[in-house]
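Data block below; observations after.
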Amino acid sequence: MRFPIRLLFLSILCTIFYHLASAQTSELLSLERIYASNEFRQESLQPIQWIEDGAAYVTVENGNALTRWDSKTLEKSVYVPGVIVNGERINIESFSLSEDGSKVLIFTNSSRVWRSNTKGDYYVYDLNEKLLKKLGTQFEPSSLMFAKFSADNSQVAYVQKFNLYLEDFETGKVTQLTTDGTDKIINGTFDWAYEEEFGKRDGFAWSPDAKFISYWQIDASNIGTFYMINNTDSVYSRPIPLQYPKVGEEPAGAKIGLIDMDSKKPYGFQFLVVKKKIISLACNGSMKIYC
């Protein structure tokens, strides 16, 4: 008789759980709730930049505006009001100020490159004129990377599809600084292996006097293609090509060059890495190369 009693008890439990699940379907975890929403996203500190020699700082307010906080009194005031583009509020993901504090560079509408959201749209807000201007309007949306003010605050440089560009605020003129960029010759940013093993993403910098730009160039033309398989996006799997140096192969070559802002031409390349064979690639952030 003990077996039928256990069976009856199990049947009752199953019935109870079924009705509870039916009544609380909206409260159950789902892949969409976990991965496609912000419900379980960990809270993080908003971007902050100090101003006025530390007397105050600026941070993002409600994702759409910038607020100034006084360091001593903690008084709050509006620094940049809510940013509206085509009638819609944009989400400020990060920002940077020009050296003279007259302009704000706003990063938004980002998309992922390998592991981080380093590609997106950039806007410049002029604090004196109260004007907002989008950079790189001739390019496809969400395609600019690592935009930076020049020291004299008149220009911004950025990467778009493996090439460096310069944009002038006053005239709106865009100048292409490098022309050889492809998915094999990478200017101003890095390939998969450099990002994975060394954490390298941003690959260019202004000189303090704004007369030069130095930048990395990665030559991945001899790197073989490794195919990962995507089994999750649809019923049928698809291959994902990835430039990946396997053990025993040479990594991508790297060198640094300068761009003279007078001529707008690159020169002075110096090789930084002599081609050597990889003896191991590990996911713990180490790339070992023969010395």
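The values are calculated or read from the model by the stated rules, or taken from the named source; none is laboratory data. Just so we're clear, the structure is a prediction, and the values are computed from it rather than from any experiment. With ideal geometry, Cβ positions are generated from the backbone for all residues, glycine too; neighbour counts draw on all protein chains shown. Each accessible area value is taken on the protein alone, full model and side chains, heavy atoms only, with ligands, DNA and RNA left out. Shrake-Rupley method; radii C 1.70, N 1.55, O 1.52, S 1.80 Å.
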Over every pair of different alpha-carbon atoms in region 146-233, take the mean of 1/r and invert it; report that Kirkwood radius in Å.
-> 14.5
Provide the solvent-accessible area of THR73, counting protein heavy atoms only and rolling a 1.4 Å probe, rounded to the nearest 10 Å².
-> 80
If the viscosity is 0.692 mPa s and the temperature 37 °C, what translational diffusion coefficient in µm²/s does Stokes-Einstein give for region 203-256 when Rh comes from Kirkwood over Cα pairs?
-> 230
Which far-off residues, 5 or more places away or on another chain, put their amide H under 5 Å from the one on LYS103, with H placed in the peptide plane?
-> SER98, LEU127
By per-residue mean of other Cβ atoms within 10 Å, what is the highest-first order of 52-62, 143-153?
-> 143-153, 52-62
Here the equivalent ellipsoid of region 93-239, derived from its Cα gyration tensor, has semi-axes (largest first, whole Å) of 30, 18, 13
If one puts a single equal scatterer on every Cα of region 28-125 and applies the Debye formula without solvent, what log₁₀ I(q)/I(0) results at q = 0.11, 0.14, 0.16, 0.22 Å⁻¹?
-> -0.41, -0.64, -0.79, -1.21
Out-of-range pairs (alpha-carbon distance over 26 Å; input LYS103/LYS255; LYS76/LYS119; LYS76/LYS211; LYS148/LYS255; LYS130/LYS200; LYS173/LYS200) = LYS103/LYS255; LYS76/LYS119; LYS76/LYS211; LYS130/LYS200; LYS173/LYS200
For region 197-245, state which chymotrypsin sites (Phe, Trp or Tyr not before Pro) are in a DSSP loop and have at most 16 other beta carbons lying within 10 Å of their beta carbon.
-> TYR236
Using θ = phi - 60° and the Karplus relation 6.51 cos²θ - 1.76 cosθ + 1.60, list the HN-Hα couplings for region 159-174 in order, rounded to whole Hz, with x at every Gly or Pro.
-> 9, 9, 6, 6, 10, 8, 10, 10, 10, 8, 5, 5, 9, x, 6, 10
